[in-house]
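The values are calculated or read from the model by the stated rules, or taken from the named source; none is laboratory data. What you see is a predicted model; the values in this text were computed from it and never measured. Please note: Cβ atoms are built from the backbone with ideal geometry, for glycine as well, and neighbour counts cover all protein chains shown. Keep in mind that these areas ignore ligands, DNA and RNA; they rest on the heavy atoms of the full protein, side chains included. Shrake-Rupley method; radii C 1.70, N 1.55, O 1.52, S 1.80 Å.
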Amino acid sequence: MIDFMQQSAFDLSWNAFSFDDWVVASRADARVQREESIVHAQAREGSVDSFVQDVVHKILCICNPACTEEIERQMKARFPSYSIVRSSPILLEIMRQGVTKASAVRRVCAHYHTAPENAYAFGDNYNDETMLDVVGVPYIMDNAAAPLRAKYKNHTPRPEDVLAQLLAQQP
């Protein structure tokens, strides 16, 4: 999959994850540096072959926002047996088929002996859609894309907006 990305000369930085190991082609890439500063973790340069354990849980593509949709389209066409979903205007997440937020909600609900129809979920992007579709009370954040805001009737501000409102009310 990474070979295909590189051969296609997509404008992206690939990131591969195996357990706690995060591998990238180049830590000098500004997209990787930005992601490191957001998640407060450090990637290491290498290849998928350099993982200690022979398991890749996820590939995260940090894309040029003008190219994300086209990269997503081509990746889905080339690798239809994988779960490939946009999680922001610049991020594509690639996991094995069946690994979704919906499957995680089902597992959590089973653990707590409740049905997903009794659960609430909050999302703001396309990677949240499966989760929102499986719960009884889905909420879409106001910063979500227009098609998602149109799909779900329950809307809520972003958590940081709610927090800012609460802080503004403090004496």
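Observations on the model:
- Residues located in the range 133-154, provided they are open to solvent by less than 80 Å² (accessible area, probe 1.4 Å) and not in a loop (DSSP other than H, G, I, E, B): VAL134, VAL137, PRO138, TYR139, ILE140, MET141, ALA146, LEU148
- The test for being open to solvent by 50 Å² or more (accessible area, probe 1.4 Å) and over 20 Å from the mean Cα position of the chain (by Cα) does not hold for GLN74.
- From SER37, SER26, residue being of a type in the set (Ser, Thr, Tyr) and not in a helix (DSSP H, G or I): SER26
- Residue selection: ILE62 satisfies the criterion of being modelled with pLDDT of 95 or more, among the aliphatic types (A, V, I, L, M), closer than 25 Å to LYS101 by Cα and open to solvent by less than 70 Å² (accessible area, probe 1.4 Å).
- Only one of the listed residues (SER87, SER81) is surrounded by 13 or more Cβ atoms within 10 Å (Cβ to Cβ) and closer than 21 Å to THR130 by Cβ. That residue is SER87.
- TRP14 vs. criteria open to solvent by less than 60 Å² (accessible area, probe 1.4 Å), free of Cβ contacts under 8 Å to residues at least 24 places away in the same chain and among the aromatic types (Phe, Trp, Tyr): no
- Any hit, the range 117-126, residues being assigned to a helix (DSSP H, G or I), under 23 Å from MET1 (Cβ atoms), among the polar types (S, T, N, Q) and open to solvent by less than 80 Å² (accessible area, probe 1.4 Å): no
- Within the range 41-56, being open to solvent by 100 Å² or more (accessible area, probe 1.4 Å) and assigned to a loop (DSSP other than H, G, I, E, B) holds for GLN42, VAL52, ASP54.
- Filter pass, ILE71 being touching a helix residue (DSSP H, G or I) at 6+ places or on another chain (Cβ under 9 Å), assigned to a helix (DSSP H, G or I) and closer than 30 Å to ASP133 by Cβ: yes
- Taking the listed residues SER13, SER18, SER88, SER83, the one that is within 19 Å of the chain's Cα centre (by Cα) and at pLDDT 95 or above is SER13, with no other qualifying.
- Every listed requirement among (1) among the small types (Gly, Ala, Ser); (2) assigned to a strand (DSSP E or B); (3) more than 28 Å from SER13 (Cα to Cα) is met by ALA110 save one, (2).
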